[in-house]
Each structure stands twice: as C-alpha cells, then as structure tokens.
1. For the list (1) touching a residue at least 12 places away in the same chain (Cβ under 8 Å); (2) part of a loop (DSSP other than H, G, I, E, B), I need the number of the one condition that Gly41 fails.
2. Would you say Leu131 is among the aliphatic types (A, V, I, L, M), within 26 Å of the chain's Cα centre (by Cα) and either buried (at least 19 other Cβ atoms within 10 Å of the Cβ) or away from the ligand (no atom under 16 Å from the Cβ) (or both)?
3. Name the residues in region 113-167 that are closer than 25 Å to Arg55 by Cβ and among the polar types (S, T, N, Q), would you?
4. Take region 134-168 and flag every residue that is aromatic (Phe, Trp, Tyr) and either more than 30 Å from Arg461 (Cβ to Cβ) or more than 17 Å from the chain's Cα centre (by Cα) (or both).
5. Tally up the residues in region 34-52 that are surrounded by 10 or more Cβ atoms within 10 Å (Cβ to Cβ) and within 46 Å of the chain's Cα centre (by Cα), please.
6. Can you find a residue in region 117-127 that is in a helix (DSSP H, G or I), within 14 Å of the ligand (Cβ to nearest atom) and buried (at least 18 other Cβ atoms within 10 Å of the Cβ)?
7. Quick one: Phe271 ticks every box in (1) crowded, with 21+ Cβ neighbours inside 10 Å; (2) in a strand (DSSP E or B) bar one, so which box is it?
Amino acid sequence: MGHIALAETPAAEPTDRARMDIHEELDQWLDTVLPEIFQDGHEPTLEEMSDLITRTRQKFMGEWLPILIRERYGHYLEQEYAPCPHCGKMHRKMMDSFKELRTMQGTGRIGRPWFYCGDCELGYAPLDEALEISRKKIQLDVQKRATQLSAEVTFQRSGDLFADLTGQRISDHCLHETFEAVGEQARIEEVIPSREEITARIEKATRSKWRPILVVASDGAHMPTRPRGPRKGKRGPGQWQEAKGFRIYLLGVDGIVHLASWHQIQNEEDFGRDLSLAASRIPQEQVRIALLGDGADWLWKHMMAGFPEGREILDYYHCAEHIHKVGKTQYGEGTLEALEWVEGAITRLFFAEVGQVIGGLRRMQPKNESAREEIRKLIGYLQHNRRKIHYRSDRKGGYPIGSGGIESAHKFISHTRLKRSGAWWIKENGNAMLRIRCALYNGTYPQVFDHYKKVHLTPKRIRELKNR
Ligand SMILES: [Zn+2]
C-alpha cells in the first residue's frame, strides 16, 4: 500500500481499552434513555421506547467508529512521515487535522495526521485512503442509500424519509449534491449488466431445447426539460425533448425476465452507440431475437445494426392506432362503418395482406381534406413498414407483437420520477436520474456505485496531475 513509515504494526485484536471506551459511550446513552423510560407516572408503549432509541442512538453510536478506528488504525494516527500518494516523496506530518464522519451510525469525530507535498501541491491523509473516507461529510454508506432514496422520491421526501427511518437528517442541498456526484459517474458500462450476468439470466430462463425469445424494444418518450439558468432570476422556457431508450428482456416460461433498460435524452448517434454496447453483451446465438418498435426509422437502423439476426416486428398497437385514425376521420368516430372497416383492415394485416389494405385505401373516396391526408399518411406508413407486418406468423412462432414491455419500463423508469407535474429537468440532471433509475431496475446499482467510489476516492488534485 506504500505506507512505509508506520510506527507500529496493526493491532490484531481488540484491546480492553476499546471495549471500555465503548462501554462508556453506552453508559452515557443509558443515562439519557433510562430516566425517560422510568419516569414517574408514565408507562411508555413499545413504539415510544423504540422511537426514543432511534432518536438518541446516533449521538452515541456515531462515537463508536472513532473508538474502533483509534484502536484498529492506531499506527496511522502516530505516523510522523508518509509518502506523497502521487510522487512518492516522503514528507513530515504538518498537523493533526480533524474530520467529522457521518455514517449510518451517526456522527463521530476523528483527528488524523495531515501531510502536504509542495511539489505536487497535494494535501493527504494516509488514514483516509486506508479507510476509504469520503471528502464529503456524509460517508459512502450514507451516500449510497441516500442516492437510492432520491432516485425513488423527490429530494425533499427522501430527506424526510431518511430522517424518519434513521434518526438523522440530511439537507436537501446535500442530497442533491450527492445525487449529482453519483449520477455524473453512472455510466452505461456499469448500468447494463455484464455479459456473464446476462448469460446467467438467459440460461436460467432456458428450460427446453428451444432457444428462448429475446425481445429488443425501442422507443422515444418526451421529457420536460429546461435550460440551465442563473440561480436567481427568470429561467429560459422549458421544452420537451425526446428520451430515447430500449429495453431488452426474455420471454421466459413464467413471464418476462428483465435483462437491461437504458433511457437517455440524447441524439440518434448516441442511442446507436449505446444500443450496440448492450448488443455486444448478449450471447445472441443462444436466443431467438425479436425487434419491436413503431415506425421511426432511427430506431430500426440501430436495432438491425446491433442485432442483424433479429426478426423485425412493427409494434401492433402503434400500427392499430394509425388504422383507427383513418376509420375515425373517414367514417366518423364510433360509427358502425368505422368499426367494420378497422376490423377488416386489422384482420388483413394479421394475415400479412398489407398490399390488399393499401389497395383498398387507394380506392377509398376521401370524405374531406383531412380524411385525404390521413389516408395518404397511412398508405405511406404501411408501404414503409410492410416487411415488418406479419402478426399471425409472429404469434405462431411465439414472438410478441406489441411492446407492452417497453411501455411499462418507460412508465416505471421515467414517468414515476421525472414526469411529475411542474417538474422541468435540466437535461444533464434528468439524464443522471434516468441512469440511476435504470441501474436500480437492472440490478446494477452496486456496480454503478462502486465505479463512483473509485473516482470519488481519488483526490481531485491527483486526477488533475494524471491528466497532464
Ligand atoms: Zn508529491
């Protein structure tokens, strides 16, 4: 580890001193708690007693950790010389520097030797490196849980919930800042499960000699965004931007087995790059692949590039919506004629008789200008997508025809947290929120947090020096 100037070897066993110090803390705690429980004329309920303990334990248990650190890491506290973590040059201790540590156990304080390398302009404390102490006041265990909570509910709500469940309060500002820091380091490399993990999930879902069907569904959804404005004063107007996303899942014997979701407000090229990364993690020869989407060209181009063997299926529900629109404009909403025409057209499409539907549309006498326009649009849509319309044989082969799967993912990932009334997101923050929520949904949040931890624990100055 490079700490060559240690005064002593590490303590291998707890000494009586640590035990006594902790007993002392416990006694102080009991001095607070017992009089309240045994006061005259009041018989506290179980809930009242438990709440009292939750409320008071932070003050005392927070001090346990400094005691344990002093005992286990005493050799770091007595260190007189330590090498610079960047250039390796030895420096003499400058001072003892104090640090407040907020963990899930509460708040404690430690003093540890502080060193400075003039050549690198870098301050360092070897103890912080050994213990993975965060430069923030709240430590990594708190950061990890607080970020997860903020991904589920508003920052204000997460502060309240956290306080209620743990007995300690984190400010909105601190929650925001932590979330942004973790979100900034959340990358698709960690958000999408590894190839090993995906392969394991596929193997678990394969129960016969048939390869299971893997569905890749893509679509776009509009997100309320706003430009990054000045802290005070009027912000620019909000706008709706498209979050492009995909969901990859298996049709398992017992239902859908989720593999990966990814959504970002981004352009088409970035979407393509991200989808191809996900595609590279799928053992494609072990599955039969169904590609599902609406008529948008950008999405088909990239799905075909990532999954060249995929069976293209035009999302049935999107397709039916277009058919209904013509029925309504041409024959009137809810009329018998409209219903009959729609049913006939859909049945033909089921049997892949796209040409006949197009022929019928061409022979139609448009009722008015808007009907003429809708008919023209539908003809174009069907011509453009005819290769992807074969619902009956999809059904026979066990393939899905509609992407209910991605719509439910969208609702869960984006809408429940991002589309709250009156919430307009700065694009970068909205994307950070989407990445963290995808990670939670994909089961990869621990990996995402580990990556953040690695970056976060490297002092900013060292990152600057390395980038030179
Ligand atoms: Zn140095």
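1. Failing condition for Gly41: (1).
2. Considered against the rule, which asks whether it is among the aliphatic types (A, V, I, L, M), within 26 Å of the chain's Cα centre (by Cα) and either buried (at least 19 other Cβ atoms within 10 Å of the Cβ) or away from the ligand (no atom under 16 Å from the Cβ) (or both), Leu131 comes out as no.
3. Gln139, Gln143, Thr147, Gln148, Ser150, Thr154, Gln156, Ser158, Thr166, listed by residue number.
4. If the condition is that a residue be aromatic (Phe, Trp, Tyr) and either more than 30 Å from Arg461 (Cβ to Cβ) or more than 17 Å from the chain's Cα centre (by Cα) (or both), then Phe162 is the only one that fits.
5. So the count comes out to 9.
6. Yes, because at least one residue in region 117-127 is in a helix (DSSP H, G or I), within 14 Å of the ligand (Cβ to nearest atom) and buried (at least 18 other Cβ atoms within 10 Å of the Cβ).
7. (2)
Conditions (1) at pLDDT below 95; (2) assigned to a helix (DSSP H, G or I), marked per residue:
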residue: Tyr317; (1), (2): yes, yes
residue: Ile358; (1), (2): no, yes
residue: Gln365; (1), (2): yes, no
residue: Arg386; (1), (2): yes, yes
residue: Arg392; (1), (2): yes, yes
residue: Ile406; (1), (2): yes, yes
residue: Phe412; (1), (2): yes, yes
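The values are calculated or read from the model by the stated rules, or taken from the named source; none is laboratory data. Being a predicted model, the structure only gives us computed values, none of them experimental. So basically every Cβ, Gly included, is an ideal-geometry build from the backbone, and we count neighbours across all protein chains shown.
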